1. Say whether the condition of being among the small types (Gly, Ala, Ser), closer than 16 Å to Thr13 by Cα, surrounded by 15 or more Cβ atoms within 10 Å (Cβ to Cβ) and modelled with pLDDT of 95 or more is met by at least one residue in the range 141-156.
2. How many of the residues making up the range 126-145 are under 10 Å from Ala55 (Cα atoms) and in a helix (DSSP H, G or I)?
3. For Ile163, state whether it is under 27 Å from Lys28 (Cβ atoms) and either buried (at least 18 other Cβ atoms within 10 Å of the Cβ) or touching a residue at least 40 places away in the same chain (Cβ under 8 Å) (or both).
4. Taking Leu12, is it among the hydrophobic types (A, V, I, L, M, F, W, C), modelled with pLDDT of 95 or more, assigned to a helix (DSSP H, G or I) and surrounded by 14 or more Cβ atoms within 10 Å (Cβ to Cβ)?
5. Of everything in the range 15-25, what is in a helix (DSSP H, G or I), buried (at least 20 other Cβ atoms within 10 Å of the Cβ) and not hydroxyl-bearing (Ser, Thr, Tyr)? Give them in sequence order.
6. From the list Gly80, Gly118, Gly69, Gly93, exactly one residue is at positive phi, of a type outside the set (S, T, N, Q) and surrounded by fewer than 18 Cβ atoms within 10 Å (Cβ to Cβ). Which is it?
7. Can you go through Lys123, Lys182 and tell me which one is closer than 17 Å to Thr21 by Cα and open to solvent by 70 Å² or more (accessible area, probe 1.4 Å)?
8. Can you give me the number of residues within the range 128-142 that are touching a helix residue (DSSP H, G or I) at 6+ places or on another chain (Cβ under 6 Å) and under 22 Å from Ala43 (Cα atoms)?
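The values are calculated or read from the model by the stated rules, or taken from the named source; none is laboratory data. The model shown is predicted, which means the values in this text are computed figures rather than measured ones. As a convention, Cβ positions derive from the backbone with ideal geometry for all residues, glycine included, and neighbour counts pool all protein chains shown. Keep in mind that these areas ignore ligands, DNA and RNA; they rest on the heavy atoms of the full protein, side chains included. Shrake-Rupley method; radii C 1.70, N 1.55, O 1.52, S 1.80 Å.
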Amino acid sequence: MKFVSVKLIVCLTGMPGAGKTTIAEGLKSKGFDKITMGDAVRAEATRRSIEPTGANLGKLMIELREKNGPGAVAELIKDGIQNSKSDVVLVDGVRSLAEVNVLKKIGTVKVLAIHASGDTRYKFLTERGRSDAPSDREDFTKRDSREIGVGMSESIALADETISNNNMTIEELVDTAYRVIKGWMT
């Protein structure tokens, strides 16, 4: 009889700019695979020849959920998780409990929420230089409202663990997340 290991799927949730991607990138060196929910939406935008602006990606994310259900984006990444060679897969950017429930069908799921103040997040988002960076505070506020509208606050509130990323260095943030995840692996 062959033993099949069950993957630990760590769902990183939090408002845009809280530090989810920083954690996921920092933990790749520990042998964890990383799958980014936003990349699945960006790939869909590319397939449809849609310019990957923040507004366009937000509209597409909502359209996918309206057409295919609230777990639609998680459905797009299931194969990537199942094909991963790692026992721990970090899912960067989980936005709702519906997505968490999709992932629970393919592995053991834990939700790690990352929190940071609005000022901290705005600074991170404008400095990282992605195509979907907010153009101003109003754009930032609209994006936050859109994220809350798809269930983000519920996934944050019901997380298994929360890290506050205010006044932390990148190393402290990554180390804190690693300690939490190591605890889930035992």
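1. No, the conditions are met nowhere in the range 141-156.
2. Matching residues across the range 126-145 total 3.
3. yes
4. no
5. Lys20, Ile23, Ala24
6. Gly69
7. Lys123
8. Residues flagged as touching a helix residue (DSSP H, G or I) at 6+ places or on another chain (Cβ under 6 Å) and under 22 Å from Ala43 (Cα atoms) within the range 128-142 amount to 3.
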